[in-house]
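Peer 1: Here it is: the structure, laid out below.
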Amino acid sequence: MLPRIALRKTTLKLTALTTAVALAITPTLAAAQQKGPPTLRDTESEQLLRDYTRPILRAAGMEKQNIQMVIINESVFNAFVADGRRIFVNYGAMMQSETPNQIIGVLAHETGHLAGGHLAKLRERLAEAQTQMIIAMLLGAGAVVAGSRSGSGSGLTQAGAAAMSAPGEVIKRTLLSYVRQQEENADKAGVKFLNATGQSAKGMYETFKRFTDESLFAARGADPYVQSHPMPAERVRALEELARSSPYWDKKDDPALQLRHDMVRAKISAFMERQDTVYRRYPLANTSLPARYAHAITTYLHGDLRSALAQIDGLIQLQPANPYFYEVRGQALLEGGRPQEAIAPLRKAVQLSNGAPLIAMLLGQALVASNNNAYTDEAIAILRSATARESEAPLGYMQLAMAYGRKGDYAQADLASAQAAFLRGDNKTARDLASRAKTRFAIGTPGWVKADDIVSAKPLPGQKSN
Ligand SMILES: [Zn+2]
């Protein structure tokens, strides 16, 4: 069997917001065209979330299941599991968590849902409830018919109507109590995982306590997390008792981890929030590393490349082994129309990050954009390796297509363009390009098979088949 591309494995559209200009976390117009939850792709943030989750998953016996962390482009607080293999976290949940321990607590709770297989169980319950509901409705309708036929007045008819609505209420209440039970179980499992990894459950308690207070005052428009995770006061009290009984209750986050957390929050603020909000969170007088990071990023995003580069160089002096400072320097130069100068810092960022594929794609982009044919083969090698490890980011395929085009390899160029279009959710373009690629490859070769995969691929859920 020839190797098949991983495209079909995708069950939920997870296209990056990344476009030619934005590999870090800049949302772009392209996002609007994409279906499914728009995600943010950023190596530094994803790495931090993976580092938060890894020990928890190990404690849950799930370390081999390759659970992915996905950051969603939403400013409200939310975190959830949707398909048994991914944990989704809104960037708003990162922003609203002041300590690593607070978001780790939420991740431990979500891992509790994963480990308990709660989603599948809930789906079964819902299917059962639906069946019960239909039966109840049929019985109720039967009673109405019987009542009207007997001609004995309205009493029986009303009884029939009551039979129709009452079971619905009962089923709803049963389901709700089932969901509450799952929440309590996830709390318990989460605390167990935290204890097993020597971490405090205080952050989990703090976050959930905040939501209890919030839901008291905001019945409407509460965070989606509160809506999907009912938090009655007794649940939070039980959690507090459980958490306080842990020997790790008062354990603080490692300062190095707190700094990484603060850096990611500063980065997210700088990329996602209005500039005045960024300066309100991080006033110019604040000379902490996170504040300086936010200042440097917002400066480059708002057009002052020269000042931004000086600020980034200052950061590099303070942490010369931080790959993300070189990444942002390269990105700023690339987006500022200076791809040739972006190559050196991006090479350094790739090296310091042990070849992080999203950063490697930026380097590939800089090599292609520098318009120097001497770089073409290197760009192809880097982009092929990056897309093999990170198969859901269209940017890598877009750049690969350009590099192949430059070499005159139009079969590979069409195939890579088709892959990029497929990941963007543009199925028609993907099929057209893949069909053309098939005519350029010899039948049965790996490229032909990949193109054939795209031609016959079903659209991802949530996408129109066009
Ligand atoms: Zn929950």
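Peer 1: Can you tell me how many residues within segment 246-273 are among the small types (Gly, Ala, Ser) and crowded, with 19+ Cβ neighbours inside 10 Å? It would help to see each step written out before you state the result.
Peer 2: Of segment 246-273, the ones among the small types (Gly, Ala, Ser) are 246, 256, 266, 269-270.
Filter once more, keeping what is crowded, with 19+ Cβ neighbours inside 10 Å: 266, 269-270.
Qualifying residue count, segment 246-273: 3.
Peer 1: Are any of the residues in segment 353-371 at pLDDT below 95 and surrounded by fewer than 21 Cβ atoms within 10 Å (Cβ to Cβ)?
Peer 2: Scanning segment 353-371 turns up at least one residue that is at pLDDT below 95 and surrounded by fewer than 21 Cβ atoms within 10 Å (Cβ to Cβ).
Peer 1: List the number of the failed condition for Ala238; all other conditions in (1) under 24 Å from Tyr91 (Cβ atoms); (2) at pLDDT 90 or above; (3) within 15 Å of the ligand (Cβ to nearest atom); (4) surrounded by fewer than 20 Cβ atoms within 10 Å (Cβ to Cβ) hold.
Peer 2: (1)
Peer 1: Do you know which residues across segment 116-132 are in a helix (DSSP H, G or I) and more than 12 Å from the ligand (Cβ to nearest atom)? Show your work before the answer.
Peer 2: Of all residues in segment 116-132, those in a helix (DSSP H, G or I) come to 118-132.
Selection gives Ala120, Lys121, Arg123, Glu124, Arg125, Leu126, Ala127, Glu128, Ala129, Gln130, Thr131, Gln132.
Peer 1: Cβ contacts < 8 Å: first residue within 12 Å of Leu305 (Cα to Cα) and among the aliphatic types (A, V, I, L, M), restricted to segment 328-345; second residue open to solvent by 60 Å² or more (accessible area, probe 1.4 Å) and modelled with pLDDT of 95 or more, any location; separation 6+ or different chain. Result?
Peer 2: The qualifying pairs are Leu333/Glu341.
Peer 1: Confirm whether Ala411 is in a helix (DSSP H, G or I), of a type in the set (A, V, I, L, M, F, W, C) and surrounded by fewer than 18 Cβ atoms within 10 Å (Cβ to Cβ).
Peer 2: Numbers: in a helix (DSSP H, G or I): yes; of a type in the set (A, V, I, L, M, F, W, C): yes; surrounded by fewer than 18 Cβ atoms within 10 Å (Cβ to Cβ): no.
For Ala411, the condition - in a helix (DSSP H, G or I), of a type in the set (A, V, I, L, M, F, W, C) and surrounded by fewer than 18 Cβ atoms within 10 Å (Cβ to Cβ) - is not met.
Peer 1: Let me ask something additional. When only residues in segment 372-392 that are part of a loop (DSSP other than H, G, I, E, B) and open to solvent by less than 40 Å² (accessible area, probe 1.4 Å) count, which is modelled with the highest pLDDT?
Peer 2: Going residue by residue through segment 372-392, those that are part of a loop (DSSP other than H, G, I, E, B) are 372, 390-392.
Among the residues that remain, those that are also open to solvent by less than 40 Å² (accessible area, probe 1.4 Å) are: 390-392.
Numbers: Glu390: 93, Ser391: 88, Glu392: 88.
If we take residues in segment 372-392 being part of a loop (DSSP other than H, G, I, E, B) and open to solvent by less than 40 Å² (accessible area, probe 1.4 Å), then Glu390 is modelled with the highest pLDDT.
Peer 1: Can you go through Ala222, Ala186, Ala243, Ala201 and tell me which one is surrounded by 12 or more Cβ atoms within 10 Å (Cβ to Cβ), modelled with pLDDT under 70, under 36 Å from the mean Cα position of the chain (by Cα) and within 16 Å of the ligand (Cβ to nearest atom)?
Peer 2: Details: Ala186 fails: modelled with pLDDT under 70; Ala243 fails: modelled with pLDDT under 70; Ala201 fails: modelled with pLDDT under 70.
Exactly one of Ala222, Ala186, Ala243, Ala201 is surrounded by 12 or more Cβ atoms within 10 Å (Cβ to Cβ), modelled with pLDDT under 70, under 36 Å from the mean Cα position of the chain (by Cα) and within 16 Å of the ligand (Cβ to nearest atom), namely Ala222.
Peer 1: For Glu341, are the conditions met, namely being among the acidic types (Asp, Glu) and surrounded by fewer than 21 Cβ atoms within 10 Å (Cβ to Cβ)?
Peer 2: On the way: among the acidic types (Asp, Glu): yes; surrounded by fewer than 21 Cβ atoms within 10 Å (Cβ to Cβ): yes.
Yes; evaluated as a whole, the condition is true for this residue.
Peer 1: Given the criteria touching a strand residue (DSSP E or B) at 6+ places or on another chain (Cβ under 9 Å), under 23 Å from Pro323 (Cα atoms) and modelled with pLDDT under 95, does Leu395 qualify?
Peer 2: Values: touching a strand residue (DSSP E or B) at 6+ places or on another chain (Cβ under 9 Å): yes; under 23 Å from Pro323 (Cα atoms): yes; modelled with pLDDT under 95: yes.
When the stated conditions are applied, Leu395 passes them.
Peer 1: Which residue out of Gly105, Gly92 is within 16 Å of the ligand (Cβ to nearest atom) and buried (at least 18 other Cβ atoms within 10 Å of the Cβ)?
Peer 2: On the way: Gly92 fails: within 16 Å of the ligand (Cβ to nearest atom).
That would be Gly105, the only listed residue that is within 16 Å of the ligand (Cβ to nearest atom) and buried (at least 18 other Cβ atoms within 10 Å of the Cβ).
Peer 1: On the basis of being more than 30 Å from Val368 (Cα to Cα), at pLDDT 85 or above and in contact with a Phe, Trp or Tyr (Cβ under 7 Å, 6 or more places away or on another chain), does Asn78 make the cut? Break it down stepwise before answering.
Peer 2: Working: more than 30 Å from Val368 (Cα to Cα): yes; at pLDDT 85 or above: yes; in contact with a Phe, Trp or Tyr (Cβ under 7 Å, 6 or more places away or on another chain): yes.
In short, yes.
The values are calculated or read from the model by the stated rules, or taken from the named source; none is laboratory data. Because the structure is predicted, anything quoted here is derived from the model rather than measured. Backbone-built Cβ (ideal geometry, glycine too); neighbour counts: all protein chains shown. Protein only, heavy atoms only, side chains kept; ligands, DNA and RNA dropped before computing areas. Shrake-Rupley method; radii C 1.70, N 1.55, O 1.52, S 1.80 Å.
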